[in-house]
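The values are calculated or read from the model by the stated rules, or taken from the named source; none is laboratory data. None of the values given here were measured: they were computed from a predicted structure. Counting neighbours? That spans all protein chains shown, and the Cβs are built from the backbone with ideal geometry, glycine included. Side chains included, ligands, DNA and RNA excluded: accessible areas come from the protein's heavy atoms. Shrake-Rupley method; radii C 1.70, N 1.55, O 1.52, S 1.80 Å.
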Amino acid sequence: MPAPTQALKLVLRTSDDVVRMRQTLRQVTVDRGFSLVDQTKLITAASELARNTIDYGRGGEVHIEAVEQGMRRGVRLTFIDQGPGIPDIETALRDGFTSGKGLGLGLGGAKRLSNEFHIESTVGHGTRVQITRWK
Amino acid sequence: MERIPILKMGRFLLVTIQVDMHDQLVMTLQDDLTQSIVKHRVRGVLIDISSLDMVDSFIGRMIANISGMARVLDAATVVVGMQPAVAITLVELGLTLEGVRTALSVEKGMALLEQSAG
């Protein structure tokens, strides 16, 4: 599959959507030439964020883009939801913090597993998390 | 209703996890395992994750829950077949799976359980 020239947009509402996202990401990262470890890190980070989108964000979508920076090639994922938003991002990033039944590793974990991590959230409007993994 | 098969191997149970487990399947597995541990007076549970090319905190929580329930029922848990890329990622993710031992294969996992079951 050639590198997507525009972002691939996938809906995230059910566990089946997460499965579909993982399979798509596996394909994209293999085609991008990522090592197995880097593939696994990106897919795991994506799995965490996708679950957050569904469990807390009330469903949303993920945009998958192939990116370039000079000689570097990478994959950028943007998770968007129009859910309740995160009131305190710093607390949410702390390991062990969970407002649900999780382990509280999702956001912090996704950040650690990625080369770049950006998050924006507005209470009552939604959340946008973007991660990038470079080859 | 679909179920993950639980194999009885002597005094132990073997469960093979595939990654595409949705929430209901996880709940069913945890229930089935608890019942099996009690019914067969099992001393150990082997969780085979050799087919998982990814373990996230959702799966990690399931393993931790299974291990916790088994411990309450006086059974040990060993996770077998963790792929190297998964191991590296788990460390970076910060998922420690405390109280859960690992082994490279089902055979080695059973040997570990035999030792601790006495």
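Rundown of residues vs (1) more than 20 Å from B:Gln24 (Cβ to Cβ); (2) touching a residue at least 60 places away in the same chain (Cβ under 8 Å); (3) buried (at least 16 other Cβ atoms within 10 Å of the Cβ), yes/no style:
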| residue | (1), (2), (3) |
| --- | --- |
| A:Gln6 | yes, no, no |
| A:Arg13 | no, no, no |
| A:Asp17 | no, no, yes |
| A:Gln27 | yes, no, no |
| A:Asp31 | yes, no, no |
| A:Thr44 | yes, yes, yes |
| A:Ile54 | no, no, yes |
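Any chance segment B:34-52 includes a residue that's within 24 Å of A:Leu36 (Cβ to Cβ), under 11 Å from the mean Cα position of the chain (by Cα) and of a type in the set (Asp, Glu)?
yes
Please find, within segment B:104-118, the residue that is farthest from the other protein chains (Cβ to nearest Cβ) out of those that are more than 14 Å from B:Ile63 (Cβ to Cβ) and open to solvent by less than 30 Å² (accessible area, probe 1.4 Å). Write out each step before concluding.
To start, the set of residues in segment B:104-118 that are more than 14 Å from B:Ile63 (Cβ to Cβ) comprises B:104-108, B:110-118.
With open to solvent by less than 30 Å² (accessible area, probe 1.4 Å) added as a condition, the list becomes B:113, B:117.
Values: B:Leu113: 25, B:Ala117: 28 Å.
The residue in question is B:Ala117.
Is one or more of the residues making up segment A:115-130 within 14 Å of chain B (Cβ to nearest Cβ) and surrounded by 19 or more Cβ atoms within 10 Å (Cβ to Cβ)? Working first, answer last.
Residues of segment A:115-130 that are within 14 Å of chain B (Cβ to nearest Cβ), as a first pass: A:115, A:117.
Cutting the leftovers down to surrounded by 19 or more Cβ atoms within 10 Å (Cβ to Cβ) gives us none.
There is no residue in segment A:115-130 that is within 14 Å of chain B (Cβ to nearest Cβ) and surrounded by 19 or more Cβ atoms within 10 Å (Cβ to Cβ).
Answer yes or no: is there a residue in segment B:68-82 that is within 24 Å of A:Ala110 (Cβ to Cβ), in contact with an Asp or Glu (Cβ under 9 Å, 6 or more places away or on another chain) and of a type in the set (Val, Ile, Thr). Break it down stepwise before answering.
So in segment B:68-82, the residues within 24 Å of A:Ala110 (Cβ to Cβ) come out as B:79, B:82.
When the remaining residues are screened for being in contact with an Asp or Glu (Cβ under 9 Å, 6 or more places away or on another chain), the result is B:79.
Applying the additional criterion that residues be of a type in the set (Val, Ile, Thr) yields B:79.
For segment B:68-82, residues within 24 Å of A:Ala110 (Cβ to Cβ), in contact with an Asp or Glu (Cβ under 9 Å, 6 or more places away or on another chain) and of a type in the set (Val, Ile, Thr): present.
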